[in-house]
Amino acid sequence: MRWTLAALCVLVITGCGHSSATLSASAAKNLVLHEADLGPGYVSFASAPTSSLDVQGTNRSDLARFGRKGGWVERLKRSSPPGLVVSTVDVFRDHKGASADLSAYGDGLARQRSDALAIRMSAPGIGDGPTIAAELVAPGGQKEYSVAWTFRNASASVTAIGPQSLHLADVVALARKQQAKLVRN
């Protein structure tokens with residue numbers, strides 16, 4: 001009986017420690033989607049730490065916002081059928097900063113909605129809290145969707161542009177692949 005109780009306590013303590021661990025900004029490059037995570041034909045064409053150009057003109061343009069410690073952007077494209085995927089992660093000092101960033105992301109989409117550039121959509125929960133999803137106005141009759149969420153002390157997003165056959169469920173599936181990377185780190 002004592003061994004069972006002791007083993008149960010160890011499992012609870014181990015589980016609690018893992019779920020509250022913070023993600024490291026130095027690991028950001030490994031927390032986004034890469035070629036191997038997508039279907040055939042996708043190649044990376046821009047992979048780098050998040051810069052001010054990546055967020056300029058948005059309410060998330062301050063790279064030190066909410067205690068942000070670092071981030072990464074991975075851009076991948078496919079020529080046939082044409083497709084583009086942008087995978088991002090921003091790592092913050094704590095979950096509060098990540099949550100504030102997700103709120104800012106949502107505020108930005110709300111402005112796009114008021115300008116008829118986005119339609120808010122319902123998406124299944126990913127990560128630690130609410131998931132934000134939207135269909136965005138895409139060029140040339142293409143479809144564009146964006147999904148954003150938080151996990152521990154990070155905010156993450158996946159945006160995809162593709163043919164009319166692209167659906168929100170496709171982008172949610174990519175977001176779940178990225179979330180699996182966040183969980184593993």
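The values are calculated or read from the model by the stated rules, or taken from the named source; none is laboratory data. Since the structure is predicted, the reported quantities are computational estimates derived from the model, not experimental observations. Quick reminder, even Gly has a Cβ in these numbers, built from the backbone with ideal geometry, and neighbours come from all protein chains shown.
In segment 39-61, is there at least one residue being of a type in the set (D, E, K, R) and over 25 Å from Asn185 (Cα atoms)?
Within segment 39-61, none of the residues are of a type in the set (D, E, K, R) and over 25 Å from Asn185 (Cα atoms).
Those residues that are of a type in the set (A, V, I, L, M, F, W, C), buried (at least 23 other Cβ atoms within 10 Å of the Cβ) and either assigned to a helix (DSSP H, G or I) or at positive phi (or both), I need them from segment 130-181; list them, please.
Val171, Ala175
Gly83 versus (1) farther than 20 Å from Ser61 by Cβ; (2) of a type outside the set (Phe, Trp, Tyr); (3) surrounded by fewer than 19 Cβ atoms within 10 Å (Cβ to Cβ): which is the lone unmet condition?
The number of the failed condition is (3).
For Gly41, which of the numbered conditions (1) exposed (fewer than 15 other Cβ atoms within 10 Å of the Cβ); (2) of a type in the set (Gly, Ala, Ser); (3) part of a helix (DSSP H, G or I); (4) in contact with a Lys or Arg (Cβ under 9 Å, 6 or more places away or on another chain) fails to hold?
Condition not satisfied by Gly41: (3).
Looking at Ser87, Ser114, can you tell me which residue is free of Cβ contacts under 8 Å to residues at least 24 places away in the same chain and small (Gly, Ala, Ser)?
Just one listed residue meets the conditions, Ser114.
Would you confirm whether or not segment 104-117 contains a residue that is touching a helix residue (DSSP H, G or I) at 6+ places or on another chain (Cβ under 8 Å) and within 23 Å of Lys181 (Cα to Cα)?
no
I'm trying to understand the selection: among the residues of segment 84-117, which are assigned to a strand (DSSP E or B) and either of a type in the set (Lys, Arg) or farther than 25 Å from Leu38 by Cα (or both)?
Applying the first criterion (assigned to a strand (DSSP E or B)) to segment 84-117 yields 84-92.
Within segment 84-117, Phe92 is the sole residue that qualifies.
Can you find a residue in segment 95-104 that is among the charged types (D, E, K, R), exposed (fewer than 14 other Cβ atoms within 10 Å of the Cβ) and more than 12 Å from the chain's Cα centre (by Cα)?
Taking every residue of segment 95-104 in turn, at least one turns out to be among the charged types (D, E, K, R), exposed (fewer than 14 other Cβ atoms within 10 Å of the Cβ) and more than 12 Å from the chain's Cα centre (by Cα).
Could you list, ordered by first residue, the pairs with Cβ atoms under 8 Å in which the first is in segment 134-156 and without any contact (Cβ under 8 Å) to a residue 60 or more places away in the chain and the second is assigned to a loop (DSSP other than H, G, I, E, B) and of a type in the set (Asp, Glu), at least 6 apart or interchain?
Trp149/Asp128; Thr150/Asp128
Report yes if some residue within segment 54-61 is in a helix (DSSP H, G or I), under 17 Å from the mean Cα position of the chain (by Cα) and at pLDDT below 95; otherwise report no.
Within segment 54-61 (the criterion being in a helix (DSSP H, G or I), under 17 Å from the mean Cα position of the chain (by Cα) and at pLDDT below 95), the answer is yes, since at least one residue qualifies.
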